[in-house]
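Undergrad: Let me give you the structure first, and then I'll get to my questions.
The values are calculated or read from the model by the stated rules, or taken from the named source; none is laboratory data. Source: prediction; values computed, not measured. Cβ placement follows ideal geometry from the backbone for every residue including glycine, while neighbour counts extend to all protein chains displayed. Only protein heavy atoms, including side chains, enter the accessible area calculation; ligands, DNA and RNA are left aside. Shrake-Rupley method; radii C 1.70, N 1.55, O 1.52, S 1.80 Å.
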Amino acid sequence: MKTLNLPLSEIKLNRLHQQICDYTNRNYHTHSVLALADFLELDGYKDELHNIETQADVLGFMPCELMARREEYRKRCLNIFRIVYGNKPAKKIASAY
């Protein structure tokens, strides 16, 4: 699949990378995916991720079905990011997870 390779400043890329790293390091994995969905302005994905988080809060834990859904959204967001900004920035963002 062809990439658009839109320009992305190092400052924005580093800020997003650090934000995702911070969430991941604190075990806020849903928030880390939300940060990427928010950066990409994927409102439908953000709604679904909020639903996943709400369901986990109600249950008091994150069942594997919800983890799998969250992981699917993470993969989709990374693929969209790669298509829009190219492989090198996408690898840096993927390394934050």
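Undergrad: Could you state the angle between the C-alpha long axis of helix 43-59 and the longest principal axis of the C-alpha atoms of the chain, as a value from 0 to 90 degrees rounded to the nearest 10?
TA: 30
Undergrad: Please state the charge dipole magnitude for region 11-97, taken about the Cα centre, from unit charges on C-beta atoms (+1 on K and R, -1 on D and E), reported in debye and rounded to the nearest 20.
TA: Values: 13 positive and 11 negative charges, 129 e Å.
Rounded to the nearest 20 debye, it is 620 debye.
Undergrad: Give the carbon-plus-sulfur fraction of the accessible surface of region 8-66 in %, rounded to a whole number; probe 1.4 Å, heavy atoms of protein chains only.
TA: Roughly 49 percent of what the probe reaches on region 8-66 is carbon or sulfur.
Undergrad: A further question follows. Which of the peptides 25-38, 80-93 is most tightly packed, and how do the rest follow, going by the mean number of other Cβ atoms within 10 Å of each residue? If you can, show how the numbers build up before the last one.
TA: Details: 25-38: 19.0, 80-93: 16.6.
Highest to lowest by the protection proxy: 25-38, 80-93.
Undergrad: Counting only heavy atoms of the protein chains, get the accessible area per residue of the chain (1.4 Å probe) and round it to a whole Å² value.
TA: Accessible area per residue, the chain: 64 Å².
Undergrad: Same structure, new question: Return one number: the angle in degrees, 0 to 90 and rounded to the nearest 10, between the long axis of the Cα atoms of helix 64-85 and the longest principal axis of the Cα atoms of the chain.
TA: That helix lies at roughly 10 degrees to the long axis.
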